[in-house]
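The values are calculated or read from the model by the stated rules, or taken from the named source; none is laboratory data. Everything numeric in this text was worked out from a predicted model, so none of it was measured. As a convention, Cβ positions derive from the backbone with ideal geometry for all residues, glycine included, and neighbour counts pool all protein chains shown.
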Amino acid sequence: MKAYRKNSVVVGILLILFAVMLLLNKMGVLSEFPSLKFIMKIALIVILTYFIVESIGKKSFLGVTIPLGIIACLFSDLLGIAMVSPFIIILVSILIGVGLSMIFDNKPKVNVITSHDNSEVNHFKGSGSEKYSEVNGKFEVENGFGERTAYISVKDLKRGSIDNGFGLLTVYLNGTTIDPSGAKISLDNGLGKLQVYIPKEFRVSVNVDNGLGTVNTHGNASTDESLPLLKLDIDNGLGVTDIYFE
């Protein structure tokens with residue numbers, strides 16, 4: 001299993017454990033089974049500690065602040081912040097991570113995906129967990145526990161996938177053209193910061209599935225009905241997603 005896939009699986013397990021624990025705690029179930037609560041906390045702390053150590057080595061502020069935010073949720077009573085909702089705590093941890101990343105810029109890895117004949121596939125690997133590829137008018141960008149910037153330049157785009165977890169990912173679609181029949185891009189952001197820049201000349205529709213996170217759009221897309229339609233399907237969970245039309 002490739003590195004980026006391993007991290008995705010671990011992040012998924014972590015999110016499920018955290019969600020189950022929050023639900024059971026709110027239902028009062030964990031109060032009746034203190035040993036179960038203790039075991040779940042230990043399991044989460046072990047996973048979170050692993051993420052923190054990995055992120056320190058990769059100089060990823062978000063990879064440190066978000067796990068710390070989850071730990072703060074687990075021990076909210078001891079920290080005196082029980083009155084603060086987990087959503088606010090996680091959001092604050094994301095914003096702090098983004099702020100630190102902007103202040104102490106560690107020159108995140110930049111990747112460029114280009115296609116002129118729609119026949120090549122490119123995989124870019126480096127520090128952290130990421131995958132970039134393009135083939136036949138389709139592209140994929142995946143990022144986990146790192147800070148990445150991707151410039152997408154695809155001719156006659158038909159389908160795209162952008163996946164970010166526990167990281168800061170910025171994607172630019174400048175230089176991309178839309179297939180005459182239209183295109184669709186799926187965006188999945190979990191416990192991270194995702195920024196996508198789309199040419200304002202594109203006609204775009206946005207469908208959002210937001211769970212305890214924030215999705216913002218900035219600027220306006222074209223309303224010219226004669227243009228092919230680019231559909232954005234956004235799945236945002238405990239993260240911040242910003243769409244810019246420029």
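Among residues of segment 212-227 that are in the same structural domain as SER93 (by the TED database) and surrounded by 15 or more Cβ atoms within 10 Å (Cβ to Cβ), none has a beta-carbon under 8 Å from a residue that is assigned to a loop (DSSP other than H, G, I, E, B) and modelled with pLDDT of 95 or more at least six positions away or on a different chain. I'm trying to understand the selection: among the residues of segment 158-179, which are among the small types (Gly, Ala, Ser) and modelled with pLDDT of 90 or more? GLY160, SER161 - these are the residues of segment 158-179 that are among the small types (Gly, Ala, Ser) and modelled with pLDDT of 90 or more. Residue count for segment 126-157 under the criterion of being outside any strand (DSSP E or B), at pLDDT 85 or above and buried (at least 18 other Cβ atoms within 10 Å of the Cβ): the result is 1. Specify the residue that is nearest to ILE88 (Cα to Cα); the eligible residues are those in segment 187-237 that are within 14 Å of the chain's Cα centre (by Cα) and of a type in the set (D, E, K, R). Across segment 187-237, the extreme among qualifying residues is LYS193.
Out of VAL240, VAL208, I need the residue that is buried (at least 19 other Cβ atoms within 10 Å of the Cβ) and either of a type in the set (Val, Ile, Thr) or over 23 Å from PRO67 (Cα atoms) (or both). Which one?
Just a single option satisfies the conditions, and that option is VAL240.
Counting only strands (runs of 3 or more DSSP E) wholly contained in segment 165-246, the ones carrying 3 or more residues that are over 21 Å from MET102 (Cα atoms) occupy 183-190, 203-211, 229-237. When segment 21-45 is filtered for residues that are surrounded by fewer than 12 Cβ atoms within 10 Å (Cβ to Cβ) and under 28 Å from PHE145 (Cα atoms), the ones remaining, listed by number, are LEU23, PHE38, ILE39, ILE42.
Here ALA82 meets each of (1) in a helix (DSSP H, G or I); (2) within 13 Å of LEU22 (Cα to Cα); (3) free of Cβ contacts under 8 Å to residues at least 12 places away in the same chain with one exception, condition (1).
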